[in-house]
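Asks: Please see the structure below; I have some questions.
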Amino acid sequence: MSLLVVGLSHRSAPVSVLERASLPTDTQIKLLQDALAAEPATEAAVLATCNRIELYADVDKFHAGVAELTTLLAQHSGAGLDELTPYLYVHYEDRAVHHLFSVACGLDSMVVGEGQILGQIKDALALGQELHTAGRLLNDLFQQALRVGKRAHSETGIDRAGQSLVTFGLEQLAEGRPVEDWAGGKRALVIGAGSMSSLAAATLARAGVAEIVIANRTAARADRLVQILNQPGGTGVRARAVTMAAVGAELTHADIVVSCTGSTGLVLTAEVVGTALRDRTAPQALLDLAMPRDIDSGVHRLGGARLMDIESLAEASADAPMAADVDQVRTIVSDEVAAFGAAQRAAHITPTVVALRAMAADVVSSEVARLEGRLPDLDDRQRAEVTRTVRRVVDKLLHAPTVRVKQLASEPGGAGYADALRELFDLDPQTVAAVSRADLNDTDGVGRGRV
């Protein structure tokens, strides 16, 4: 395993840099394709959220891998290499596994313990599988990360340490009041109909807002979200969809505005918000969850408006208390990293063991054939008994060393046992490689990387 991750997040970079370095889905696709086209990456996956951009890869060489992934991130993001480099972090092998598992548990989130990151990791894996850039290593890694994250949320109280970015943002806007008391009876405008916007709409509906207006560039997605909100037996909120052209008019009536689109430019300028505020008597609360930002930061200076964006949420989350359960989650992460490493090291030696057993089977077949030539009078029963006996002897001779070598290979520093086994039994490296390729291509519809 030569796992490498290069990335930046709210912990390493200012929001202004994260904003310029954001990766829309079409850019992520090109980044993954270019990562595999270049050396030394053989697998790649990208995890891009509103406060994190990370490129994972299985690389042949560490230094060349760091240089290549760093260059690719700069080329595909809106930030230049010189601007990006000071804020990048690099993790390799077990440290890279530890990092992703920590991310999956919410330990590295802006709001500690938030669970939405699990959906984003799942999306990153799905994209890698769809493009066939995620091979055996990254499939195993991301699937295990999802299991570790779910384990952390089910076995500990990490959920009490934090909540989703949507809930945290609304709590900041409520300024200490219960969100239900603050939002109850208000009108809400949600701009966007993606996963974050849908979560915001559902959260506002549960909080008891009187009306939710959904604006989205794709009318069908807005209509679909409205249908979900208006389902019988739901929260009872009134929901309707409007076009993006109607957003300016809707701003005048909205008490709460949440925006999270994939736009690369501003959706709401300070001028547009200021015009709406002139026709309002009540204050307006705005929550911008987009990266890059949807709402002009100049809104902060407008009277009658309170804006919370990624930057202000990052500042607020720095003072959020950490629950004692975080220590328990860290223990889970450490245990799971050790288990994952052991499993990967054990899997590394499997092709060599398979090749050894295949060689032994060939020797048995050859010797039995030679015996039949020397003893042509053996009947079928005798020939079958001789064959079974020889196979049993070979199996018993190989059983203990192959079991033991798998155990030794799973321990730290055990990578050399596969080489030792190949050397001792004079195994053909091409045969071992062929076993590895066959094993890698034996899939059930799951995307794999290059082999």
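Asks: What number, in percent, do you get for the relative contact order of the chain if the mean sequence gap of Cα pairs under 8 Å and at least 6 apart is divided by its residue count?
Replies: 15 percent
Asks: Next question. Under a point spin-label approximation (7 Å from Cα along Cα-to-Cβ), what is the PHE425-ALA282 distance to one decimal in nm?
Replies: 7.6 nm
Asks: Take the Cβ-Cβ distance between LEU81 and ASP377 as r, set R0 to 60 Å, and report the resulting FRET efficiency rounded to the nearest 0.05. Provide the component values of the computation, followed by the final result.
Replies: Values: r = 79 Å, r/R0 = 1.32.
Rounded to the nearest 0.05, the efficiency is 0.15.
Asks: Within the chain, which is the longest segment that contains none of the GluC sites (Glu not before Pro) sitting in a DSSP loop with at most 16 other Cβ atoms within 10 Å?
Replies: Details: sites that count: GLU93, GLU175.
The reported range is 176-451.
Asks: In addition: Along the stretch 65-73, what does the Karplus equation 6.51 cos²θ - 1.76 cosθ + 1.60 (θ = phi - 60°) give for ³J(HN,Hα), rounded to whole Hz, x for Gly and Pro?
Replies: x, 4, 4, 5, 5, 4, 5, 5, 4
Asks: Another question, if that's okay. Residues in the stretch 323-366 near a label at VAL390, defined as backbone nitrogen under 19 Å from the 7 Å Cα→Cβ point?
Replies: Flagged as within label range: 356-366.
Asks: What is the Cα centroid distance between the stretch 354-383 and the stretch 78-132, reported in whole angstrom?
Replies: 54 Å
Asks: Assuming R0 = 56 Å, what is the FRET efficiency of ARG217 and THR350, from their Cβ-Cβ distance, to the nearest 0.05?
Replies: Working: r = 49 Å, r/R0 = 0.88.
Efficiency for this residue pair is about 0.70.
Asks: For the stretch 277-294 and the stretch 183-199, what is the separation of their C-alpha centers, rounded to whole Å?
Replies: After rounding, the separation between the Cα centres reads 12 Å.
Asks: In straight Cα distance, which aspartates and glutamates are under 12 Å from LYS186, not counting same-chain residues fewer than 8 positions off?
Replies: GLU211, ASP255
Asks: Straight-line reach from LYS150: which lysines have Cα under 22 Å away, leaving out those fewer than 8 places along the same chain?
Replies: LYS122
Asks: Let me spell out the model: positive unit charges on the Cβ of Lys and Arg, negative unit charges on the Cβ of Asp and Glu, origin at the Cα centre of the chain. What dipole size does that give, in debye rounded to 20? Let's see the in-between values first.
Replies: Details: 43 positive and 57 negative charges, 168 e Å.
About 800 debye.
Asks: Setting aside same-chain residues fewer than 8 positions from LYS406, which lysines have a Cα under 23 Å from its Cα?
Replies: The reachable lysines, counting only those whose Cα sits under 23 Å from LYS406, are LYS396.
Asks: Counting DSSP beta bridges with both partners in the chain, what percentage is antiparallel, nearest 5? Don't skip to the end; give the middle numbers.
Replies: On the way: 19 of 42 bridges.
Around 45 percent antiparallel, to the nearest 5.
Asks: What net charge do the residues around GLN227 carry, taking every other residue with its C-beta under 12 Å from that of GLN227, with Lys and Arg at +1 and Asp and Glu at -1? Please report the intermediate quantities before stating the final value.
Replies: Numbers: positive: ARG221, ARG224, ARG240; negative: ASP223.
Cβ neighbours under 12 Å give a net charge of +2.
Asks: Under the rule of at least 5 residues apart or a separate chain, name every residue whose amide H is placed under 5 Å from the amide H of VAL242.
Replies: So VAL242 has HN proximity to ILE214, ALA215, ASN216.
Asks: Next up: Applying 1/(1 + (r/R0)^6) with R0 = 30 Å to the Cβ-Cβ distance of LYS150 and GLN33, what FRET efficiency is obtained, to the nearest 0.05? Walk me through the numbers before you get to the answer.
Replies: Working: r = 30 Å, r/R0 = 1.01.
It comes out at approximately 0.50.
Asks: To the nearest 10 degrees, how steeply does helix 25-37 sit against the main Cα axis of the chain, on a 0 to 90 scale?
Replies: Helix 25-37 sits at roughly 30 degrees to that axis.
Quick note: the coordinates plus some simple rules give every number you see, no bench work behind them. Keep in mind that what you see is a predicted model, and the values were worked out from it rather than measured. Reconstructed Cβ throughout: ideal geometry from the backbone, glycine too, with neighbour counts over all protein chains shown.
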